């Protein structure tokens with residue numbers, strides 16, 4: 001294993017310290033318990049939004065803390081849920097009196113620990129709602145998960161719910177829009193190589209030299225099938241099919257097309273995937289009205305990518321376009 | 001070789017087609033000859049800025065085309081200079097009557113082909129100035145280069161010169177500020193793994209399982225030395241030393257600290273590097289006034305990173321902070 005790290009035990013705390021040093025215009029860090037919080041939190045009268053989960057998926061979630069997206073992110077150890085303590089502390093830190101929304105990817109540890117933190121917060125008279133994201137169409141149940149997994153679609157839930165909160169939506173409205181995005185987004189991924197978890201020091205699984213894994217999870221959990229390497233266009237078609245069957249968009253519908261890199265795949269390849277996915281959608285009469293391409297929900301150094309399709313409407317487009325100022329996504333002011 | 005591509009011959013054209021599909025709000029693409037141009041080019045009365053070079057370094061340069069940065073980018077084949085033809089066509093496409101600045105990384109092929117295009121443009125009465133970037137302190141001469149190589153510091157030259165042009169600077173002023181940034185920025189990189197060029201299908205060089213290359217070029221050109229893998233902090237110190245010796249910043253000076261990923265390195269590692277680099281600079285009394293962390297000048301799927309330090313002043317800070325709207329860098333409006 002070659003990595004640009006010091007002691008594997010300190011990977012998360014050192015990375016968060018670097019994150020704080022780089023982005024002190026946007027965020028603050030609490031080291032004990034560990035969470036990242038919007039610099040001006042709590043914002044009085046605004047719904048606070050907290051997400052989190054195991055580290056190793058950066059920029060998810062810390063990179064999305066700022067104006068118009070998350071108020072706090074709670075990073076656990078690599079691929080391991082944070083405990084209820086820091087989640088509770090982050091929830092308190094962002095409570096501006098209008099309640100707090102937890103956005104939680106559907107993994108058993110995350111769901112349990114966020115639930116415990118929400119229960120404890122309610123003892124302090126903080127109203128907490130929770131939206132569980134489960135956009136991955138690859139598998140029904142999986143390692144670490146009952147039901148579908150929450151993957152890259154979570155970024156879209158966080159952006160759009162964050163805009164709703166920034167624009168003054170109350171807790172019920174912000175929760176409803178987060179649920180709406182989750183209900184309208186589907187994702188599926190592919191891996192060319194495994195990732196290497198720093199404290200493990202070995203690949204999380206093994207793929208043959210000519211083999212790829214369709215439906216991979218963001219922790220290297222098994223997907224649907226291992227197949228021989230195919231041209232990019234064939235891989236895109238394979239990922240899109242279950243997404244489109246599950247939604248399915250009608251001719252004339254507008255979608256946001258999101259091609260997400262797993263961390264080790266060059267941008268040039270992500271755009272080759274985007275090209276084909278846009279071609280397929282356009283061929284169905286579906287309008288690719290918005291797009292996102294890049295490393296947003298990663299799996300350390302894994303080579304691979306995922307495709308997400310979100311069915312838009314006027315409300316979601318307005319909220320997607322609303323200003324956002326975070327280290328990983330920013331536009332407007 | 002496992003890559004998410006179709007025919008290796010079509011990697012660049014397909015990626016650019018995907019780029020166009022994803023970012024048609026910001027850019028247009030000319031497929032023949034191949035270049036990416038700001039959607040509203042030419043902007044009447046504004047200095048046009050063109051950059052380009054071999055593909056495989058994305059988002060450099062296409063990702064920086066838009067408002068407040070580049071007017072056009074000319075992508076060559078992977079790791080191969082574009083010919084004068086598309087450079088000339090891009091120069092004409094962005095000429096708004098105020099002249100055009102070419103920003104060229106110091107590689108022999110790029111320098112030659114941009115020079116030829118500039119000569120041809122002058123026959124069409126377009127005034128062209130050229131700034132050659134050469135921020136890499138690793139080696140004096142190198143494969144493909146006489147003198148120092150242009151690497152990640154080029155991003156800072158493009159951002160700041162782009163702001164100067166957007167704010168109405170004339171060709172002389174925009175050229176001067178680009179020269180100024182290049183004179184004040186130094187970079188050095190490290191590779192943990194080689195990259196694999198699609199049409200070659202094999203690693204560009206070989207490193208042993210416990211070996212890293214200090215001073216790597218962005219095409220995998222040899223650097224200063226191969227050494228056994230070290231902790232991240234030691235690697236940072238090794239990269240920073242020649243940068244700081246060459247500048248050198250004084251106590252109280254303000255710098256922009258840029259940690260650039262080579263394409264295959266997780267963000268969590270880039271922030272670990274940033275943490276140590278900021279610590280070293282702060283320890284010298286140098287103020288890290290601005291920061292940039294991420295994959296901006298890549299080398300396909302190479303694992304590794306580079307550090308750049310730019311000595312700021314009030315003018316450079318104002319131009320760095322000015323609004324920019326490109327697919328890879330955006331803030332303000």
In µm²/s, what is D for segment B:218-261 at 37 °C and 0.692 mPa s, where D = kT/(6 pi eta Rh) by Stokes-Einstein and Rh is the Kirkwood radius from Cα pairs? 257
With label points built 7 Å along Cα→Cβ from the Cα atoms of residue B:284 and residue A:208, find their separation and express it in nm. 5.3
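How many percent of Cα pairs in segment B:107-199 exceed 17 Å? Write out the running numbers ahead of the final one.
Details: 2594 of 4278 pairs.
That tail contains 61 percent of the Cα-Cα pairs.
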Over segment A:12-184, volume per residue of the alpha carbon convex hull, in Å³: 92
Antiparallel versus total DSSP beta bridges in the protein assembly as shown: what percent is that, nearest 5? 55
Restricted to Cα positions, what overall size does chain A have along the principal axes? Three whole-Å values, descending. 53, 50, 35
Taking a label point 7 Å from Cα toward Cβ, how far is residue A:124 from its twins in the other copies, in nm, shortest first? 6.4
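Under the definition of Cα pairs under 8 Å and six or more residues apart, what whole-number percent is the relative contact order of segment B:185-324? Working shown, then result.
Values: 280 pairs, mean separation 45.4, N = 140.
About 32 percent, as a whole number.
Kindly state, as a whole number, the per residue volume in cubic angstrom of the convex hull around the alpha carbon atoms of the protein assembly as shown.
Working: hull volume 88.3 nm³, N = 666.
Normalising the Cα hull of the protein assembly as shown by residue number yields 133 Å³.
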Partner chain Cβ atoms within 10 Å, averaged over the residues of B:3-12 - can you pull that number for me? 6
Run the label-point distances for residue B:241 please: 7 Å along Cα to Cβ, every other copy, nanometres, shortest first. 5.7
Inter-part gap, Cα centre of segment A:269-285 to Cα centre of segment B:252-327, in whole angstrom, is 33
Beta bridges by DSSP in segment A:12-184, antiparallel share as percent, to the nearest 5: 30
Going out from 0 in 5 Å bins, what whole percent of all Cα-Cα distances in segment A:39-121 drops into each bin? 3, 18, 29, 26, 17, 6, 1
Would you list B:212, A:49 from fewest to most Cβ contacts within 10 Å? B:212, A:49
With chain A treated as a Gaussian network of Cα nodes joined by springs under 10 Å, which of A:317, A:67, A:216 yields the largest mean-square fluctuation? A:317
Mean separation of Cα contacts under 8 Å (6+ apart) over length of segment A:30-78, as relative contact order %: 46
Centroid-to-centroid separation of segment A:12-33 and segment B:42-74 [C-alpha atoms, Å]: 33
In what sequence, highest mean first, do B:113-126, B:191-204, A:87-100, B:295-308 appear when ranked by Cβ atoms within 10 angstrom? B:295-308, A:87-100, B:191-204, B:113-126
Add -39500 (n - 2.57) for each DSSP H run of 4 or more in chain B, then divide by its residues: what number comes out at 222 nm, to the nearest 500 deg cm²/dmol? -10500 deg cm²/dmol
Report, for residue A:206, each distance to the same residue's label point in the other copies, shortest first and in nm; define the point 7 Å along Cα→Cβ. 2.3
Please give the Cα centre distance for segment B:117-170 versus segment A:144-215, rounded to the nearest Å. 40
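Report the relative contact order of chain A, percent, no decimals, based on alpha-carbon pairs under 8 angstrom and at least 6 residues apart. Don't jump to the answer; show the numbers that get you there.
Working: 815 pairs, mean separation 58.8, N = 333.
Relative contact order of chain A: 18 percent.
Take the alpha carbon atoms of segment A:92-249, find their radius of gyration, then divide it by 2.2 N^0.38 Å using N residues; give the quotient.
1.20
Over chain A, what is the percentage of antiparallel beta bridges among all DSSP beta bridges, to the nearest 5?
In chain A, approximately 55 percent of DSSP beta bridges are antiparallel ones.
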Would you compute the Debye intensity of segment B:181-333 from its alpha-carbon atoms alone, equal scatterers and no solvent, and pass along log10 I(q)/I(0) at q = 0.15, 0.18 Å⁻¹ to two decimals? -0.80, -1.08
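Every read-out reported here was derived from the displayed coordinates using simple, explicitly stated rules and does not represent laboratory data. In this text, all values refer to a predicted model and were calculated from it rather than measured experimentally. As a convention, Cβ positions derive from the backbone with ideal geometry for all residues, glycine included, and neighbour counts pool all protein chains shown.
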